[in-house]
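Single-structure report; data block below.
The values are calculated or read from the model by the stated rules, or taken from the named source; none is laboratory data. Only a predicted model underlies this, so the values are computations on that prediction, with no experimental measurement involved. No Cβ is skipped: glycine too gets one built from the backbone with ideal geometry, and neighbour counts run over all protein chains shown.
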Amino acid sequence: MSVREEDWAVACRVDEVGDEQAKRVHIGDQAIAVFNLDGCFHALADRCPHGDASLAEGWIENGEVECPLHQARFDIATGEVLCAPAKSCARRYPVRVENEVVLIGLFENTLQIA
């Protein structure tokens, strides 16, 4: 699979997401949580796979986000589920930063941990 420039979408500017913070963005019909961990940006689908809660509104600490609804925790960098009640990983999106802009990769066969 080749990645094309049009497979990347603008999410936000880097200065819109404070350190250890998240921002909910919409790209097409997808809600995405953009996280800033010490200047390194990550993106997960902004929906807890266990319940219909926004991960961007969750508690962020030590590279993890805790769902505000049922306290399931996810690794922000990988989307890996870290504790119950969630049983499946959060959908992860590739991220790159160019000219102080956060870009999200919208590739067909990436985005999910096996």
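Here are the numbers for the structure shown:
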read-out	value
Among (1) more than 14 Å from the chain's Cα centre (by Cα); (2) at pLDDT 95 or above; (3) more than 16 Å from Val95 (Cβ to Cβ) - the single one Glu6 does not satisfy	(2)
Matching residues in segment 69-92 - criterion: being free of Cβ contacts under 8 Å to residues at least 24 places away in the same chain and in contact with a Phe, Trp or Tyr (Cβ under 7 Å, 6 or more places away or on another chain)	Leu82
Within segment 1-93, strands (runs of 3 or more DSSP E) holding 1 or more residues that are surrounded by fewer than 18 Cβ atoms within 10 Å (Cβ to Cβ)	8-13, 21-27, 30-37, 40-45, 59-61, 64-66, 81-83
